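Single-structure report; data block below.
Throughout, read-outs are computed from the coordinates displayed, never taken from laboratory work. All of these numbers come straight from a predicted model, not from anything done at the bench. As a convention, Cβ positions derive from the backbone with ideal geometry for all residues, glycine included, and neighbour counts pool all protein chains shown.
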Amino acid sequence: MNTEVNTALKRLNSILPLTSGLNSLSVDDAALYCKLINSYVQQGRTLTRDEVGEIVGNAEQALNNIVDSKLIVLDADGNPAGAYPFTSEEREHKVHVNGVTVHCMCALDALAVSPMFNTPTMIDSQCRLTGKKIHIDQIGTEFRGGTLDVWFGINWGAAASDAVCAESLCMEMMFLANESVAREWVAESPEKREIFDLPSAVDFAAGFFVPLAENCRLAA
């Protein structure tokens, strides 16, 4: 892991401390979070509040505990609508894994699924600026083909203390078509934006999410 990735990793952990959030939960609540993300790769969706109620005694309390730890977001009806790195919204980042297709919160999250679950994935997304289609065939932190000249961009200025990360910073973590597009993008606001080539981006993704996976029993 290079210096830039290590610095970015520490910065993101300070904004969205997922692993420490998981470690702060009770054993039962932590196990529930693991079931929520496992469900995405097993069924292509997460569990509903009613399904959660079949697992724990007080579904509302358990889900709110996990929300307080910043690991999930709920919809207006109290159903899980996202569990990092996945979302139930149809965002631009699709990940094909284990025979199902899921959406991820952001480009970094999409790159994290394969190393998290130790399983092959295929990512379909697009460049935020040009709209160019992006396809990445991934296994762990290695790539087997696809749009390998793609870059990753993050706008740190999008982080907001009054909004959940899923609706703020996550919306500004994107794929960029190539190095030229990435450098043009970062030059517009170099004090707030940062870019990484694909190998560095997957190191960033794995560095952020694999520790979470190691504390959570995952099944692809």
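Data table
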read-out: Listed residues ALA160, VAL113, SER26: farthest to the positive end of the dipole of the chain (Cβ charges); value: VAL113
read-out: Set of aspartates and glutamates with alpha-carbon distance to LYS192 below 12 Å, sequence-local pairs under 8 removed; value: GLU172
read-out: Neighbour net charge for PRO120 - beta-carbon separation under 12 angstrom, K R +1, D E -1; value: -1
read-out: Total charge dipole magnitude, the chain, about the Cα centre, Cβ charges on Lys, Arg, Asp, Glu only, Debye to nearest 20; value: 340 debye
read-out: 21 Å Cα-Cα reach of LYS132 towards lysines, excluding residues that sit fewer than 8 places from it in its own chain; value: LYS94
read-out: Highest to lowest packing among 45-51, 171-177, 151-157, 16-22, scored as the average C-beta count within 10 Å; value: 171-177, 151-157, 16-22, 45-51
